[in-house]
1. Could you work out the local net charge near Leu121, counting Lys and Arg as +1, Asp and Glu as -1, over the other residues with Cβ closer than 15 Å to its Cβ?
2. Could you sort 100-111, 70-81 so that the peptide with the highest average Cβ count within 10 Å comes first and the rest follow in order?
3. Write down the radius of gyration of the chain and its Dmax, each obtained from C-alpha positions, in Å.
4. With θ set to phi - 60°, apply the Karplus curve 6.51 cos²θ - 1.76 cosθ + 1.60 along the stretch 17-28 and write out the HN-Hα couplings as whole Hz, x wherever there is a Gly or Pro.
5. Could you grab the relative contact order for the stretch 48-119? Cα pairs under 8 Å, six or more apart, rounded to a whole percent.
6. Per DSSP H run of at least 4 residues, take -39500 (n - 2.57); add these up for the chain, divide by its residues and hand me the 222 nm value, nearest 500 deg cm²/dmol.
7. Non-local amide H neighbours of Leu16 (under 5 Å, H modeled in plane, Pro and chain starts lacking H): which ones?
8. Using alpha-carbon pairs under 8 Å, 6+ residues apart, how would you state the relative contact order of the chain in percent?
Amino acid sequence: MHALDVLHQRVSSPKLTEPAPTDVQRDAIYRAALRAADHGLMQPWRFLVIEDEGLDRLGDLFVQAMLKDTPDTPEPDQQSLRAKPRRAPLILVAIAACRQNPKVPHVEQLISAGAAVQNMLNAAFAQGVGAFWRTGAMTYHPVVKEGLGVGELEQIVGFLYLGTPAKPPQPPKSVNPETFFHPWPGQ
């Protein structure tokens, strides 16, 4: 697929199934992450690869976090949260591995890690791999961060779910660039 076609047509695939991306597809996705814009060439990111029984352990970690906040959570709600990682055969946890740097503020490192995730979404789409990027309460919960070994200066940027699209992706909605791009100073 042509690079501009990928950038203009990429959409998320919220319904995923087996199989997970192949080793060749994963390598391309991983390499795309490492080409993200990166002020100071700090490479302020790292990624956890979660699949198979790791998905169940992640679900258990989510429930542990939920119960810390709401100990009386009904069992059906616990089971629903526990099952969320099984929405795809592979999850990449994107972590902004920020470090102190007088020339590269924390926010720039965080944005760079987000750019790495966007590159992975584009690389997945280019190869026909289904992908969606999730955040939510578990992304920021201290129990989840501790359980995943996220350091004090680090932050989870999101969970990138990867697999085979359960159905063909819908074409993207048309958006007029003039809605978002304006000359400055105004005319």
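A short reminder: the numbers here are calculations on the coordinates, not readings from a lab. From a predicted model like this one, the values you see are computed outputs, not experimental measurements. Here Cβ is always computed from backbone atoms with ideal geometry, including for glycine, and neighbour counts include all displayed protein chains.
1. Working: positive: Arg10, Arg26, Arg31, Arg35, Arg134; negative: Asp5.
After counting each charged neighbour, the total is +4.
2. Values: 100-111: 14.0, 70-81: 11.2.
Per-residue mean Cβ counts within 10 Å order the peptides as 100-111, 70-81.
3. Gyration radius and largest Cα-Cα distance of the chain: 18.1, 59 Å.
4. 9, 5, x, 6, x, 5, 4, 5, 5, 4, 4, 5
5. Details: 55 pairs, mean separation 25.7, N = 72.
So the answer I get is 36 percent.
6. On the way: 7 runs with 75 residues, N = 187.
The helix-only estimate for the chain comes to -12000 deg cm²/dmol at 222 nm.
7. Under 5 Å from the amide H of Leu16: Ala166.
8. Details: 300 pairs, mean separation 66.0, N = 187.
Relative contact order comes out at 35 percent.
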